[in-house]
Amino acid sequence: AQKVTQAQTEISVVEKEDVTLDCVYETRDTTYYLFWYKQPPSGELVFLIRRNSFDEQNEISGRYSWNFQKSTSSFNFTITASQVVDSAVYFCALIPNTGGFKTIFGAGTRLFVKA
Amino acid sequence: DVKVTQSSRYLVKRTGEKVFLECVQDMDHENMFWYRQDPGLGLRLIYFSYDVKMKEKGDIPEGYSVSREKKERFSLILESASTNQTSMYLCASSTHEKLFFGSGTQLSVL
């Protein structure tokens, strides 16, 4: 089965707290791509990051960081020193190599950051 | 700035009506997609297209059809709208690297 699981439905934090959004994926393919997208209240999903299955190096972009671990099939996303503008729904997604260009999305995690 | 444009932000239709949702992209992408988004279910793929006049069923195609007569335009058609098709509909186009989304159409079927 090809599947993405985001077990956290909603998370609420206070500004400046760190928060980690969990993502677990399933695929039999050895080549695949993982993504995170952000959906702010305006509704338009915005691409955040893409990683391929051969690159397990963690990535940091400003306050955002991603931890890719093939051993646990996880691709977790951490926001450091969260801000109110981080409030959004975040989707983890998977493109298996055998799936053409079809992207499989998780159910999403809604993040509330309170001032 | 790259853009995927969906013709309506909000739409209210009656049961049994034929509904057209339009999507246009200005990036010359070959791949285009229609998703619906429902709370707790994430995004589910309805149909996608790799090229003009080509279409492929996604995970939930029942009750929907699509049309792609021109590369930049991908239309989703609800042949006879039903209340269980009330949802947020998202159009996207893609490179090999990522999806670009429109702002979505919130469709209510009464």
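FYI, it's all coordinate maths here, none of it is from the lab. Remember, predicted model here, so these are calculated numbers, not experimental data. Note that each Cβ is placed from the backbone with ideal geometry, even for glycine, and that neighbours are counted across all protein chains shown.
Okay, residues lined up against (1) within 14 Å of chain B (Cβ to nearest Cβ); (2) in contact (Cβ under 8 Å) with a residue 60 or more places away in the chain:
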{"residue": "A:55", "(1), (2)": "yes, no"}
{"residue": "A:58", "(1), (2)": "no, no"}
{"residue": "A:62", "(1), (2)": "no, no"}
{"residue": "A:65", "(1), (2)": "no, no"}
{"residue": "A:70", "(1), (2)": "no, no"}
{"residue": "A:81", "(1), (2)": "no, yes"}
{"residue": "A:84", "(1), (2)": "no, yes"}
{"residue": "A:92", "(1), (2)": "yes, yes"}
When (1) surrounded by fewer than 16 Cβ atoms within 10 Å (Cβ to Cβ); (2) without any contact (Cβ under 8 Å) to a residue 60 or more places away in the chain; (3) within 14 Å of another protein chain (Cβ to nearest Cβ) are applied to residue A:88, the one that fails is (1)
Is one or more of the residues making up the stretch A:51-60 within 30 Å of residue B:3 (Cβ to Cβ) and of a type in the set (Phe, Trp, Tyr)?
no
The lone condition residue A:107 fails out of (1) more than 15 Å from the chain's Cα centre (by Cα); (2) closer than 27 Å to residue B:104 by Cα; (3) small (Gly, Ala, Ser) is (1)
Scan the stretch B:8-25 and give yes if some residue there is within 26 Å of residue A:52 (Cβ to Cβ) and away from every other protein chain (no Cβ under 14 Å), otherwise no. no
Would the stretch B:40-48 turn up any residue that is more than 10 Å from chain A (Cβ to nearest Cβ) and either surrounded by 15 or more Cβ atoms within 10 Å (Cβ to Cβ) or under 15 Å from the mean Cα position of the chain (by Cα) (or both)? yes
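Quick test for you: out of B:52, B:19, pick the one residue that is farther than 21 Å from residue A:46 by Cβ and within 12 Å of the chain's Cα centre (by Cα).
Numbers: B:52 fails: within 12 Å of the chain's Cα centre (by Cα).
After applying the criteria, what remains is B:19.
Quick one: would you say residue B:82 is within 30 Å of residue A:10 (Cα to Cα), within 14 Å of another protein chain (Cβ to nearest Cβ), in contact with a strand residue (DSSP E or B) (Cβ under 9 Å, 6 or more places away or on another chain) and of a type in the set (S, T, N, Q)? Before the answer, list the steps.
Values: within 30 Å of residue A:10 (Cα to Cα): yes; within 14 Å of another protein chain (Cβ to nearest Cβ): no; in contact with a strand residue (DSSP E or B) (Cβ under 9 Å, 6 or more places away or on another chain): yes; of a type in the set (S, T, N, Q): yes.
Spelling it out, it is not the case that residue B:82 is within 30 Å of residue A:10 (Cα to Cα), within 14 Å of another protein chain (Cβ to nearest Cβ), in contact with a strand residue (DSSP E or B) (Cβ under 9 Å, 6 or more places away or on another chain) and of a type in the set (S, T, N, Q).
What about residue B:73, is it surrounded by fewer than 18 Cβ atoms within 10 Å (Cβ to Cβ), in contact (Cβ under 8 Å) with a residue 24 or more places away in the chain and more than 11 Å from chain A (Cβ to nearest Cβ)?
Details: surrounded by fewer than 18 Cβ atoms within 10 Å (Cβ to Cβ): yes; in contact (Cβ under 8 Å) with a residue 24 or more places away in the chain: yes; more than 11 Å from chain A (Cβ to nearest Cβ): yes.
Yes: the conditions hold for residue B:73.
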Over the stretch A:94-103, the set of residues within 8 Å of another protein chain (Cβ to nearest Cβ) and crowded, with 20+ Cβ neighbours inside 10 Å is A:103
Within the stretch A:23-53, of all residues that are of a type in the set (Asp, Glu) and either touching a Gly at 6+ places or on another chain (Cβ under 9 Å) or surrounded by 18 or more Cβ atoms within 10 Å (Cβ to Cβ) (or both), the one farthest from the other protein chains (Cβ to nearest Cβ) is A:29
